[in-house]
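Worksheet: one structure, shown below.
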Amino acid sequence: MPRKTAMVTGASSGIGAIYADRLAGRGFDLLTVARDRGRLEEQAARLAASHGVQVSPLPADLSGREGLEPVLAKLREDAGITMLVNCAGSGPKGPVLQSDATGLAAMVHLNVDVLHALTVEAAKAFAARGEGAIINIASVVALMPERFNATYVASKAFVLAFTQAMAEELKGQGTQIQAVLPGFTRTEIFERAGIDINVIPADMIMGAEEMVDAALAGFDRGELITIPSLADDGLWQALETARHVLGPHLSLKHAAPRYGIPAEAV
Ligand SMILES: NC(=O)c1ccc[n+]([C@@H]2O[C@H](COP(=O)([O-])OP(=O)(O)OC[C@H]3O[C@@H](n4cnc5c(N)ncnc54)[C@H](OP(=O)(O)O)[C@@H]3O)[C@@H](O)[C@H]2O)c1
């Protein structure tokens, strides 16, 4: 069997660390990306010993060009990489109006620009070889923008829309793509943002292992969008159907009658 390699960003903790473990369990060699070299090296030794795969840490601050470039080059040049899992991301420390603009911009850069650059690089490389898979971690807040920090929800709405649109481009190319929309998931993201996870009702928080196992089951089922908490998949299908019903009404020669624009003025 040819060896296959998965690149996992944000692999040093939380959701990314569980992906690294599960993909090693599925026989993938790993390229693990995050800033914390020590954690990546400890994880690499542990996963290599327990799963008998090769784990190569690629310590990098993806927010900086000098950290991102070598990771992009690896995706471009290493034909052994057949999977990219984009987990590196950060959350907000509070509402937008109480946040420092530089911090918000840094969050947008990591959650949007970096994920975008890595996905484009991987999609081009994988599609050229007619193989591969990309998993992007979005969030359910992409569907509930009123419920959370505006900048964060918009960054996750980008991940959802971008993945849906990329799926169209990748159709027939042999490359699978999936967006995962977790609800609250028990990880370090809360501590990093200075949020006490205990203020969130416990029955709204999923363990990271259960979330990733459900997301991988959705991946195996070929789902484009996976919402691990959602028991009634018909609710998501109804939203998608409503969106497609809107389609033919969204770009027309004349303004809608309710705006009162005389036809000859257009
Ligand atoms: N937890 C939730 O409730 C939840 C819900 C929905 C979506 N998500 C999303 O899930 C993804 C993973 O988050 P998580 O909950 O697992 O949080 P986490 O435990 O804080 O993990 C974030 C990961 O990203 C890495 N990272 C952060 N900044 C980086 C940078 N500049 N360069 C490279 N790596 C960087 C961190 O490692 P280093 O510090 O070592 O760099 C860490 O491995 C995020 O996109 C998050 O928005 C989380």
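The values are calculated or read from the model by the stated rules, or taken from the named source; none is laboratory data. Just so we're clear, the structure is a prediction, and the values are computed from it rather than from any experiment. Quick reminder, even Gly has a Cβ in these numbers, built from the backbone with ideal geometry, and neighbours come from all protein chains shown. These accessible areas exclude ligands, DNA and RNA; they are computed on the full protein's heavy atoms, side chains included. Shrake-Rupley method; radii C 1.70, N 1.55, O 1.52, S 1.80 Å.
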* Go through the stretch 79-103 residue by residue and tally those that are more than 9 Å from the ligand (Cβ to nearest atom) and either open to solvent by less than 20 Å² (accessible area, probe 1.4 Å) or over 17 Å from ALA20 (Cβ atoms) (or both). => 17
* To do: Could you grab the pairs with beta carbons closer than 8 Å, sequence gap of 6+ or different chains, first residue in the stretch 196-210 and charged (D, E, K, R), second one part of a helix (DSSP H, G or I) and at pLDDT 95 or above?
  => GLU209/ILE18
* Considering each residue of the stretch 111-161, count those that are away from the ligand (no atom under 12 Å from the Cβ), within 22 Å of ILE81 (Cα to Cα) and not aliphatic (A, V, I, L, M), and give that number. => 9
* Asked: Got a sec? Which of LEU62, LEU68, LEU40 is outside any helix (DSSP H, G or I) and open to solvent by less than 20 Å² (accessible area, probe 1.4 Å)?
  -> LEU62
* Structure fact -> Exactly one of ALA20, ALA106, ALA73, ALA45 is within 12 Å of the ligand (Cβ to nearest atom), part of a helix (DSSP H, G or I) and surrounded by fewer than 16 Cβ atoms within 10 Å (Cβ to Cβ), and that residue is ALA106
* Residue tally, condition farther than 17 Å from SER139 by Cβ and among the β-branched types (Val, Ile, Thr), over the stretch 3-22 -> 2
* To do: Among residues belonging to the stretch 215-262 that are closer than 21 Å to ILE134 by Cβ, of a type in the set (A, V, I, L, M, F, W, C) and touching a residue at least 12 places away in the same chain (Cβ under 8 Å), point out the one that is surrounded by the fewest Cβ atoms within 10 Å (Cβ to Cβ).
  => LEU224
* **Output for the stretch 192-217, where each listed residue is in contact with a Lys or Arg (Cβ under 8 Å, 6 or more places away or on another chain), within 13 Å of the ligand (Cβ to nearest atom) and under 14 Å from ALA17 (Cα atoms)** => GLY207, ALA208, VAL212
